Structure formats: structure tokens, C-alpha cells
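Every number here is computed from the coordinates shown, using simple stated rules; none is lab data. Values in this document were obtained by computation on a predicted structure and should not be read as measured data.
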Amino acid sequence: MDVRETFTMKHAVFFKEIDSTNRLARELAAEGAPEGTVVYAARQTAGRGRLGKSFYSPVGGLYLSVVLRPFLKNEDMLALTAGAAVAVHRALLDFGIRTQMKWVNDLFLGGRKICGILCEGRFSGSVPEFIIAGIGVNLRPDPGLPAELRNIVTDIFTETGLSIGEEELGERILFHLQQVLRELPEREFLPEYSRNSCTIGHRVMVVRNGKNCEGLAVGYAPDAGLIVRLENGSETVIRSGSATVLDGAS
Ligand code: BTN
């Protein structure tokens, strides 16, 4: 294990290969690792995605998990997750790249996914003891990309011709993550999240009361829940699961 402190936050550990940076960050946090502890890996063999899915993590991507110990409640988790997306969005803007954010925390470029984010917390009652923000960004093309992912994911080099290093992007993400945490109480990042959304204004399929239903995504609630106008004209706020965009990014 090669320990480096070249990033904004201290206590960074870097692995050439690991099963999941979120898994290790969670273990370290449970053992008392301080806020700002970061686990990086050049590739993951068992990267975790949202909703129990796996996250394909070959060489050529940035995979990082950071331990956060913010003062917030369970009901702030969705906004924190959206805020993490804004942090990556802002980090990429620093390199001149404007992404679009799909609710709740995927980033898209050229209509395909370039980043996934998984925020996991351990709670004591309704208060998190710690949160792990796990971020995976596709930087360079992967020659072994499975056929079933080719129309779904892309990478920064393919879309922009820019070669961005893992360390420089990691440093900018951590910088913006700290800023987003400061904005969390007043949700200052929400208008930016909304303006750069590839979900709002689109027809979506969401799961509501255990049933699939279609509607138009019309905006975000203050907690970053997705406001959907249903076929009968009523509006509902979706706070869990995912929204499949029916007429654009999937
Ligand atoms: C998703 O798209 O469903 C979320 C993917 C989150 C992937 C990142 S990569 C770094 C960190 N470690 C993991 O195992 N998952 C997150």
C-alpha cells in the first residue's frame, strides 16, 4: 500500500487494485478514521453501484471514496447525494467540461454516463455517524468495455479529447465536495443541480408505492426529491429508487 498526501484532504491511501474503495472507506470510518480520509484505486474488482448493482471499474477511471462526518440528519442524505454530483460537475467545469446531472447522482456527457456516485451512511438513530461518498469517473476509453455497456457509458477523453489525470481531478472533486458540504444547510447548490439536469423537463418512469408510473419530471423539492407530474395532473415527489428517462438519457 502506497500512502500519499498529495490531495486537498489528508489521510489518503492509494491502491493499484482493490475490491471496492467504498468497502474499505467504510471499514476505516467504522474504526474511527477522521473526516477527509480518502481511499483511491486505479481499478476495482467489485465496485459497488446504487440499488445493489455492480459498478464496472477498469483501469482508466478515477475511483475514490471519502469519509465524511457532517452534522446532518437522515432527511439530508438525498440532498448530500445531489450535492456530491454538483461537486463532480464543478470539478469537471474547472477543466472546461460541462456535464449534465441525472437524478439523483449520475453525470452524463454526450448522452452517456461518465460518472456514478454512491453515498452510504452508518446511522445512529436518524443521525449519521459517518457517510462514505464514493465516486467513479471514466477518464479514458476501456478497450475491454463489455458490449452491453457501449451505448450506456462513455469517458472524458472520448467525448472531449482531454487527458485529465486521476490526481488532478481527485483534488478538484475533494475541493468542491468541501464547498458543497458548506452549502448543504441552505441547499445553495440546488439551482445549479436543476439548471444542469438531464432529468428535468423529460418524461420519466419511476417506482411509486411499488408500482411503475410515468410522468413529467418538473423540478426538485428542497430535499432534492424529484417532483414528477403524473398523467392525471397530480404531482408526487420521488425520494428513492431511480428515474428512467424515457425520451433522453437513460
Ligand atoms: C452508480 O452508478 O450506481 C454508483 C457508482 C458508484 C461507484 C463508485 S467508484 C468508487 C466507489 N467505490 C465503489 O465500490 N463504488 C463507488
Checklist entry - What list of ³J(HN,Hα) couplings, whole Hz, do you get for the stretch 185-198 from phi and the Karplus terms 6.51, -1.76, 1.60, once you set θ to phi - 60° and write x for glycine and proline? => result x, 9, 6, 4, 7, 4, x, 5, 4, 6, 4, 9, 8, 9
Checklist entry - Taking only DSSP H segments of four or more residues, each worth -39500 (n - 2.57), what value at 222 nm results for the chain once the sum is divided by all its residues, to the nearest 500 deg cm²/dmol? => result -7000 deg cm²/dmol
Item to check | the chain: relative contact order in percent, alpha carbon pairs under 8 Å with at least 6 residues between | outcome: 17
Next on the checklist: Compute the helix-to-body angle for 21-30: its Cα long axis versus the longest principal axis of the chain, expressed 0 to 90° and rounded to tens.
Outcome noted: 80
Next on the checklist: Can you give me the C-alpha center-to-center distance between the stretch 142-221 and the stretch 23-74, rounded to a whole angstrom?
Outcome noted: 17
Checklist entry - With no solvent and one point per C-alpha, what does the Debye sum give as log10 I(q)/I(0) for the chain at q = 0.13 Å⁻¹? => result -0.79
Checklist entry - Relative to the first principal axis of the alpha-carbon coordinates of the chain, what is the inclination of helix 166-183, with its axis defined by its Cα atoms, in degrees from 0 to 90 and to the nearest 10? => result 50
